[in-house]
Every structure is written in structure tokens, then in C-alpha cells.
Amino acid sequence: MESPHLPAEIISYILSFLHVMDRKEASLVCKSWYDACQDHRFQKNVTFKFPVSTSSLDFIRALARHPRCGLVISHLDGSSLSRQVLLEVGLHLGPRLDSLALPGSSVTEASLLGLLPHLTGLRMLDLQGLDSLFMSGAFLSREEHRRQVQNALRNLEELDLSDLRYLSDLSFNRLTSCTPRLRSLSLAGCHIAFEFDPYRGCPVGFGSSALVSLRNLLSLLQKQASTLHSLDLSRTSITPESLRSIAQVPGLRLEDLSLRGCKELTDYSMEILCKQQNGLRTLDLRACTELTSRTVLAVATELKELRSLSLSQDWKITDKGLAELMTLPCLRSLDLSECLHVSGADLGKGLSSPQPRAQLETLSLRNCTYIRDTVMFSLTQLLGRNLRELDLTSCVCLTDLSVRAIATYLPALVVLRLGWCKEISDWGLLGMVEPTKDCEPRDKEEDKGPSFTRTFGNMGFFQPPSLPFQERPRLVTEEDLGAFREHQEGASLLALRGLQELDLSACSKLTDTSITQVLRFPDLQRLSLSMLPEISDDSLVSVAYHCRSLTSLALSHCPQISDQGMARALPLLHRLQHLFLACCDAVTNETLSIISLHCDRLRTLDVSMCKDITVHQVDLLQSRLPFLEKVQCRFANGADFTMVL
């Protein structure tokens, strides 16, 4: 009996429930399914990424059927093939192209000038690192070229000129004169002379042929102040005086500003910035190492519309000002990673304040080693159902109590990173209390005084204290597991039903007992179990059976993972794209054969220091998997060999 014919609209609706990778596979079933997968609802904001090759020509021609799309084309150079690829893009996509990026390329001026006039609908242009365009200083030097490009790029909104070594005032002015309606400009990593021109040996003036000057940048900001809302000056040598000049440009109302790695900035310059640009919604101050808590107070006082703030690696910042920061009602994302003096106590105080207060969706406390269970116990209750991403990597003092608090009070978590939290054990993941441990957090352990030894052969009078992560927890028995199965979720990690990323790297107390019982997340896409010496093939197979949406799996330094486990697990992981098996001594060439049979979507593979894997077998695997882009196999089979495709 033949199946009834369904309208394309009904098939499209059914396919909309599939993961994008599964929908791609479904489109190969028959023509009607393929046509249904071309529905406009699946084609919005689609960007295609591919390197230059002969096969890319046919691919570009096939894209002509798409209404609008973006392209990321890598490895362009001065060859005839590269010129032909750009010609096909202009001919077949032209006005339907939304965005264009050319990473890792050395495209010629003539090739790009032959393409740009055709891209009349372009909204985003990424020229990051294309030094070959600007090295001669002649890019867009001819008037007729500028007119053609200006006609095409008159509606361009985003321009990325990051990491251009040879960008100068002259070439910068020529290009930006063709883009009169910019909303976003990135000059990250460019050589910008803010005060002194090293080539002329004098203060910066107009029209430098060697670099971009502050005066020239200010001139552009004044001309496009009404439209420009996003500026990226990360990794430049911007001075406090220069930042104040930019902040005070008449009519400029920035919404997004990135100053990552600008190490000369001071608290006073940030106070001026916050007063002048009080409409900022995103502020990135990562690695601005001279900033202190004065900056935090200025942000909390002036930037009432702020949604995202990054203070990562700002080592002088303390808890001061964080309570006030939590009173910003629009704040959704906060990054305090590697702020070594932050304990988190003031975050709880701020979140306990009367409304309005921050409704955080993303919080990073990575490498904040002063974070304790008491703080996490309080924060999880205050953050509640709003928080979706939590990074606690290397918060080495956290224990099972924090894990139980996370599972109990943060049910909406999508991303959870607990790597290098070495005190976490099976009991925490299972949501159970180890019988020998208290279930309430304690601020301080009782000081029992020095401990004397009876032997003096080591020339010492005191017994050296044992490190906390060296203590082994009591093993979970079958009786304990029976109690867990009766209550199931409770405070166990199973309560985080929507988890899509989980990092448990180097939580060395974890064993098969908890991994097999708790890691059952149907939507989990990225999982790291690296450096867990106690887990075996049982954990691998259980994860593969219960987490079939995995696209990235890290098992490096897991000595008990073997070919037998891989043979049982990999056939279940059809979406796997990234697999890390470095230092898995029980993995051999047999695993590579299994990968070639079942992992046709694999893009990244790391088998470094796997002593029983040969380079010849790696070469054979690469020939069988067309999408495999990167293989790391240093010291595999005793050879020092790294292959990047």
C-alpha cells in the first residue's frame, strides 16, 4: 500500500521539529522531502562556510536558488581558481548576499574590486586580517572604483577591519567613504596611533599613509555619529585621553563597546565614558588590568540600560561594587572569570536587594578560587529559573553541596561547566549526602592545631596536611543506588532536563556509578569527561545511549576507555563532529576503523599520544571522511606528527 501524498506545507511543518543536522539528512530521502526542506522558514540567516576548491563552483551555482544567505570563504589567493570563485559569487548570488567573510585568505585587490560592485544587498563585510588588500596602499585609489563600490555598499551596516597591519588613514578613508550608514565598526588589533606617530616622530596628524590616527577616527565618528552604535577597539594601544575624546564625540550614542586587552585604560577614563555614553548595553573590559572596583561602581551608577558586562582577567577588581552592579535591572550577562579577589558574597547581597535587580541569564566565575559553597548555596536560590549558563571551572573549593544546590534551584540551566572542581564526587551528581558528611555548608573548618609525628627522619616535626582533593569519598553502594532510584531526580543532576553543554573535566572523584545513572540528557550537545581516571567503557556506552544529540565528546586522559567501548558507543552517536581521545592508551587503530564506519560527520579528531595508533591509519581515515578538517596525532605511535587539514 502506497503512503498518501502529503502537501509540502505539512511535510515542512513535520520537519521543523527535527534538529538541523537531521533535517539535512531527511532532505536526501526523496524530492518532496528535499523541496520541503527548502521552505523559507529554514533558510533565514543561513551562512555557508567552505574553502576554495573546484567543487565549490558547483556549490555556489546551486546556492542561486536560496532567497538570501551569507558566505564564509577561506583560502582565497591570487590563483585563477580563486578569481573564478569570486566571479561565480558575484554572478549567481550578487544582490542576494547578506554577509561576506574571507578568513585565512590573501585575495588580490583586482579580484575583490571585481566582486564588490555586484553585492548591492550586502549588510556585513568581514575583511579581518586581509593584509594583502592594504599592503600597497592603493586599494580604492581610483575614483571610478570608489563610485562603483559606494553604490554597492551604501546600505552596509557592519564592517570588520580587525588585525589589519597595513591599514592607514588613506585606505581607511577611501573604504569608509563608501559605507555612509555603518552601525558597527571593528578595528580590533589594528595599529592605531592615538597620540604619537612613530613613523614621523611627531604628534599624530591627518592623512597618515602608514597607520590609522586618532584624529582620523574621530572624524569618522563625527560624520557617522547618528548611525554608528557599535565600536570594537580591542587589543589597541588606546590611552585614557583618547577614550575620553571618543566618548565625548557630539551626537555619538554607542550601544556596544569592546575594549578587551586595552591595558592602559584607567578608572577615571572609564568614569568619563560611563557618564558620556550612558546608553551602553554591552561593555567588554576583559584584560584591562589597571581597572579597579571604581570602574564597577561607575558602571553600576551610570549604565542603567546595560545588558552584558565582561570583567574577565581584571585582577584588581574585588567584591566592592558588585552589590550595586546587581541593582541594574537590564543586566543579563556577567563575566567575572579570573577576577582572583572576588568571593561572590556581594553578588548575593545585591541580588537580595528590593526590586529592581539584575535578572542574570549568564554568569561566569571561572577561576574565582575564593568562591565557597555558602556563596553558591545563596546565589543559586537568588538566581532561580532565569539562569541559563553557569561557568564554575576551577572553583576548587566547591563541593557536592554546590552541585546539589545547582540541581535544586537552577532547573533552566543549558550550560554548566564544573571542570577542575576536584571536590565534586558521585554523591553530588546523584544528589545524595555522603553519610560521613554534613549536609549544611560550613564557612570555616575547626582548627585542630598542628599534628606531630613520631618519626623525625624527614627532619620535620609536623605532619604535612593532606590536600582536600586527595581524600577519597566513601564508595556508593548498591543500597545507596536503590535509594537514589526511588527518588530519581530530587537534587541530582537529572533535574537539569534541558542541559546542552556539560563540562566535568578533571573531577577525578567521579566514577561509573554516577555517570551511568545521571548523564541522561537527550538535548546534550557538548560533553567533556576528560581526565576522569575512574570511568570505563560502561560510562561511555551509557552516555552514548542516553545522550544521542552529542556533537562534541572529550575523553582525553581516560585510561580505561578502550576499543570495545568505542565499538558499542559510536554507532549511536550519529551527530558527532568533534572527538577528543588524547592519551587514551587502550585505544588503538581499531577505533579509527570504527570511526570511519559510523562518524561520517566528524570534523575534528584528537588521538595525540595514543601509543597504538599509527600515522598510516590516520591517513586512511582522512581519505574516507570528507568533512574531517583537523586531526591531532602528536606522538601517536611514538611519532611527533601533527596534521591540520
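The values are calculated or read from the model by the stated rules, or taken from the named source; none is laboratory data. Remember, predicted model here, so these are calculated numbers, not experimental data. With ideal geometry, Cβ positions are generated from the backbone for all residues, glycine too; neighbour counts draw on all protein chains shown. The protein model used for the area step is the full one, side chains on, heavy atoms only, and it has no ligands, DNA or RNA in it. Shrake-Rupley method; radii C 1.70, N 1.55, O 1.52, S 1.80 Å.
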Problem set entry | Options LEU418, LEU363; residue that is under 23 Å from the mean Cα position of the chain (by Cα), surrounded by 18 or more Cβ atoms within 10 Å (Cβ to Cβ) and under 27 Å from GLY279 (Cα atoms) | LEU363
Exercise. Do you know which residues across segment 494-527 are of a type in the set (D, E, K, R) and closer than 18 Å to HIS578 by Cβ?
Worked result: GLU501, ASP503, ASP523, ARG526
For this session: Report the residue count in segment 139-160 for those that are of a type outside the set (Asp, Glu) and open to solvent by 40 Å² or more (accessible area, probe 1.4 Å).
Result: 10
Exercise. Taking segment 583-592 on its own, how many of its residues are crowded, with 17+ Cβ neighbours inside 10 Å and more than 30 Å from the chain's Cα centre (by Cα)?
Worked result: 3
Exercise. Wholly within segment 327-427, which helices (runs of 4 or more DSSP H) include no fewer than the required count, namely at least 3 residues that are touching a helix residue (DSSP H, G or I) at 6+ places or on another chain (Cβ under 8 Å) and hydroxyl-bearing (Ser, Thr, Tyr)?
Worked result: 400-409
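Give the residue, chosen from ARG404, ARG388, ARG357, ARG372, that is under 25 Å from the mean Cα position of the chain (by Cα) and of a type in the set (Lys, Arg).
None of the other options fit; the residue is ARG388.
Out of segment 537-550, which residues are more than 21 Å from VAL403 (Cβ to Cβ), surrounded by 20 or more Cβ atoms within 10 Å (Cβ to Cβ) and not hydrophobic (A, V, I, L, M, F, W, C)? Outline the logic, then answer.
First, the residues of segment 537-550 that are more than 21 Å from VAL403 (Cβ to Cβ): 537-538, 540-541, 544-545, 548-550.
Narrowing the set further to residues that are surrounded by 20 or more Cβ atoms within 10 Å (Cβ to Cβ) leaves 537, 540, 544, 550.
Across segment 537-550, the qualifying residue is only ASP537.
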Problem set entry | Criterion violated by ILE238 - all others in (1) among the hydrophobic types (A, V, I, L, M, F, W, C); (2) under 19 Å from LEU306 (Cβ atoms); (3) surrounded by 21 or more Cβ atoms within 10 Å (Cβ to Cβ) satisfied | (2)
Exercise. Got a sec? Which helices (runs of 4 or more DSSP H) wholly within segment 556-634 have at least 2 residues that are of a type in the set (Ser, Thr, Tyr)?
Worked result: 589-598
For this session: May I ask you to list the residues in segment 373-390 that are buried (at least 22 other Cβ atoms within 10 Å of the Cβ) and under 23 Å from ASP314 (Cα atoms)?
Result: VAL375, MET376, LEU379, LEU390
Problem set entry | Filter result for GLU305 (outside any helix (DSSP H, G or I), at pLDDT 95 or above and not assigned by the TED database to the domain that holds TYR268) | no
For this session: Filter segment 63-118 for residues that are of a type in the set (A, V, I, L, M) and either farther than 23 Å from ASP163 by Cα or open to solvent by 40 Å² or more (accessible area, probe 1.4 Å) (or both) and give the result.
Result: LEU63, ALA64, LEU81, VAL85, LEU87, VAL89, LEU91, LEU93, LEU97, ALA110
Problem set entry | Qualifying positions in segment 593-605 - open to solvent by less than 40 Å² (accessible area, probe 1.4 Å) and farther than 10 Å from LEU625 by Cβ | ILE594, THR604
Problem set entry | Selected residue (criterion: nearest to SER528 (Cα to Cα)) from residues of segment 491-510 that are open to solvent by 10 Å² or more (accessible area, probe 1.4 Å) and not in a loop (DSSP other than H, G, I, E, B) | ASP503
